[in-house]
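Colleague: So that we are looking at the same thing, I have put the structure below in structure tokens.
Each value in this text was obtained by applying a stated rule to the coordinates, not by laboratory testing. On a predicted model such as this, the values are computed, not experimentally measured, just so you know. Here the Cβ positions follow ideal geometry from the backbone for every residue, glycine too, while neighbour counts run over all protein chains shown.
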């Protein structure tokens, strides 16, 4: 038995109500389609940003674990003391 295909009805909602996007003027339909693409791209970029932030945290963790006394150029306390002496 074949299932009946349901047609997707896109709607646009604002403070005045919900509108059938297929019944808008052509300029509105075009803008609506662009808005769908923009929102999809925003979602993709947000997901990508989350992945990149997680990668940065992980890489920082690896770097923190690889730091050695030999690589230390200047301790933070020394830098803070130098700034205080300048003031």
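Colleague: GNM on the chain, C-alpha springs below 10 Å: top fluctuator among 68, 44, 11?
Modeller: 68
Colleague: I need the Debye-formula profile for the range 11-86: one equal scatterer per C-alpha, no solvent, reported as log10 I(q)/I(0) at q = 0.15, 0.17, 0.21 1/Å, two decimals.
Modeller: Those come out to -0.76, -0.86, -0.98, one per q.
Colleague: Here is a further query. Where does each of 35, 23 land when they are ranked from fewest to most other beta-carbon atoms within 10 angstrom?
Modeller: 23, 35
Colleague: Continuing with this model, one more query. Relative to the longest principal axis of the chain, what angle (0 to 90°, nearest 10) does the C-alpha long axis of helix 76-86 take?
Modeller: The angle comes out near 80 degrees.
Colleague: Taking the 0 to 90 degree range and rounding to the nearest ten, how far is the long axis of helix 26-66 tilted relative to the main principal axis of the chain, both from C-alpha atoms?
Modeller: 20
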